[in-house]
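Each remark here refers to the structure printed beneath this line.
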Amino acid sequence: MPGLSADITTLPGILPYMERICPRHDLFLARSEGVFVPISTAEFSRRVRRFSLGLRRLGLRPGVKVALLSENRPEWIMADLAILCAGGITVPIYTSLLPDQIGHLLSDSEAEIVVCSTRELGLKIDAVRGRIPRLAHAVLVDDAAGPGFSSMTEVESQGALEERLRPEAFEQAVSAVRPEDPASIIYTSGTTGEPKGVLLSHGNIVSNIRATDAVIHFDQGDTALSFLPLSHILERMATYCLLAKGASIAYAGSVETVAADMLDVRPTIMISVPRLFEKIYAKVMEQVLAGSAAKKAIFFWALGIGRTRARRVVSGKALSRGLAFRYGVARRLVFSKILARTGGRIRYFVCGGAPLSEDIDEFFYAAGLLVLPGYGLTETSPILSGNTPDVFRFGTVGKPLPGVEIRIAEDGEILARGPNVMLGYYKKEEATRTAMEGGWFHTGDIGIFDEDGFLIITDRKKDLIVTSGGKNVAPQPIESLLLASPYIRSAVVVGNGRKFVSALIVPDFEKLEAYVAENSMPASSRTELIGREEIVGFMLAEVQRATPQLAPYERIKRIILLERDFGLEEGEITPTLKVRRAFVEAKYKAIIDRLYAD
């Protein structure tokens, strides 16, 4: 299969390549009145050209920052490429942020234009634009623009006029863009402090597209279902990869509709984060455990066969005829039902954002679904390493991508360098120098290489728990194990400087309340429910059931049950749904202290 065209050196270079080499009638698929409606390559390209020229009439020039506030939809990518084709710099903003947070990012990035999708999001802009004098124009994707906004249709009409007056203007702007030019300012999630603007060049991102394409192949036969926010660099970079290889992209209605969308779209590729697989695993196990003894016996027999096969494949050993036959039976009796829920055509999932537990990774492969965990950061455009369809190892994030160097510092921190590493943090020279000390990007993550060169992430450097007994405990792998339980919705492991490890647990109240009803233990409120000793005891037993493999010093001795999940508005999680650990521990310090009072 041919690699990425050498003609593509900047992100705008993807557009003419799509038009010339791999046009299709269903480049994008988006729901309209309940059904997926296709958008062709020709229509997409025409709208990108006109919107880009229209933005130029609003004042977009090379180096001007344009904020993009929108949920996943074809217009997100249209606007992004339109900005880039004019030499502008895209500043993606998560739709879940509060107006003050959006205002801070608009001000810090010095955005002069903002493109937002809906009137509801436009209200967030209205709430802050008075204190951002540099923000000169606001464009709404939806036609009902309202005061203070131009509609996308109006801007495209101005672009069509410009196209007639100056037919060469678009190509001239595109040809002026260079690989070293800034392409995007992407703000970090702020898990350890104030968000920083990561400045990525066209060359940074294109190098990562090229390296990814060398090991994970997309082609015109692929259809991807997109649900991870396009503001997330992994989904955005993967989108560029798919477009450059002529694949089709369908947009899920929301995270809640992904299961139904998979059945309608029947994707071959999906980009995801570990939480999706943890939820699917928990749902499957819940249904199995609720079944009859015979069904449970068949399932666990099939799972045992699948795991045996998986381990032999990974170790490079041949399958015996008997094992191949038994796996075929297991696939027909059990795994075919799991595969059918994905639409039945998945070639593989690409997984990033956080480590995926080895047990869940192996479970999916046993069931016939290949999950390819990888590793990277916004600062690295983003992928540094990844498992591939040909070379993978459960419980790891694969080997370094071509052209990427990774080494482990003396304190265990993962260091990286390569053409995908950022230009720097926008307007933060000291933070850039610190991050790039010695010519290597300091990731802040702790990891090791196994004997075969596969990278294993153990935790964030700042998240490591050191008990009063001097034991180092990595909380993220433990939390990943906990989230596989059907009774646990969220978990934060604590215990730094303490004698033992504990956890804040948010139950899955739907499951917990069903358990309470079945055991005749009614409660008038969630507050009453989580305060009962027998419920705390039940949940602690569930915690211990989910983590039998932990070392004695890693085991969770006590728990606190919380009556609501961690929230974005409360400052407890980031837009990428990562827990702000230090903030949470400080907020709940009084009740955490009570766990250790005796």
Residue within segment 502-520 that is among the aromatic types (Phe, Trp, Tyr), within 19 Å of residue 564 (Cα to Cα), at pLDDT 90 or above and in contact with a Phe, Trp or Tyr (Cβ under 8 Å, 6 or more places away or on another chain) present: no
Considering only residues that are closer than 14 Å to residue 299 by Cα and either among the polar types (S, T, N, Q) or in contact with a Leu (Cβ under 9 Å, 6 or more places away or on another chain) (or both), which ones fall in segment 331-346? 331, 334, 335, 336, 338
Limited to segment 462-478, what total is found for residues that are among the polar types (S, T, N, Q) and either at pLDDT 90 or above or in a strand (DSSP E or B) (or both)? 1
May I ask you to list the residues in segment 120-159 that are crowded, with 18+ Cβ neighbours inside 10 Å, small (Gly, Ala, Ser) and assigned to a helix (DSSP H, G or I)? 122, 159
Which ones in segment 374-383 are in contact (Cβ under 8 Å) with a residue 40 or more places away in the chain and assigned to a strand (DSSP E or B)? 375, 376, 383
So the strands (runs of 3 or more DSSP E) completely within segment 41-116 holding 2 or more residues that are surrounded by fewer than 21 Cβ atoms within 10 Å (Cβ to Cβ) and under 21 Å from the mean Cα position of the chain (by Cα) are none
Checklist (1) part of a helix (DSSP H, G or I); (2) surrounded by fewer than 21 Cβ atoms within 10 Å (Cβ to Cβ) applied to residue 456, failing item: (1)
Would a scan of segment 229-248 turn up a residue that is under 16 Å from the mean Cα position of the chain (by Cα), in a strand (DSSP E or B) and within 30 Å of residue 266 (Cα to Cα)? no
I need a count of the residues in segment 284-302 that are within 28 Å of the chain's Cα centre (by Cα) and surrounded by 14 or more Cβ atoms within 10 Å (Cβ to Cβ). 3
Criterion (closer than 25 Å to residue 572 by Cβ and either buried (at least 17 other Cβ atoms within 10 Å of the Cβ) or among the charged types (D, E, K, R) (or both)) met by exactly one of 506, 516: 506
Among the numbered criteria (1) buried (at least 20 other Cβ atoms within 10 Å of the Cβ); (2) of a type outside the set (D, E, K, R); (3) at pLDDT below 95; (4) in a loop (DSSP other than H, G, I, E, B), which one does residue 446 miss? (4)
Residue pairs meeting the criteria (Cβ under 6 Å; at least 6 apart or on separate chains; first over 22 Å from residue 65 (Cα atoms) and in contact (Cβ under 8 Å) with a residue 24 or more places away in the chain, in segment 414-433; second surrounded by 19 or more Cβ atoms within 10 Å (Cβ to Cβ) and of a type in the set (Asp, Glu)): 414/445
When only residues in segment 522-561 that are among the hydrophobic types (A, V, I, L, M, F, W, C) and surrounded by fewer than 14 Cβ atoms within 10 Å (Cβ to Cβ) count, which is nearest to residue 476 (Cα to Cα)? 551
Could you tell me whether segment 428-444 includes any residue that is touching an Asp or Glu at 6+ places or on another chain (Cβ under 6 Å) and over 17 Å from residue 378 (Cβ atoms)? no
Counting just the residues of segment 347-386 that are farther than 17 Å from residue 441 by Cβ and among the acidic types (Asp, Glu), which one comes out surrounded by the fewest Cβ atoms within 10 Å (Cβ to Cβ)? 359
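The values are calculated or read from the model by the stated rules, or taken from the named source; none is laboratory data. Being a predicted model, the structure only gives us computed values, none of them experimental. Neighbour counts run over all protein chains shown; Cβ positions are idealised from the backbone, glycine included.
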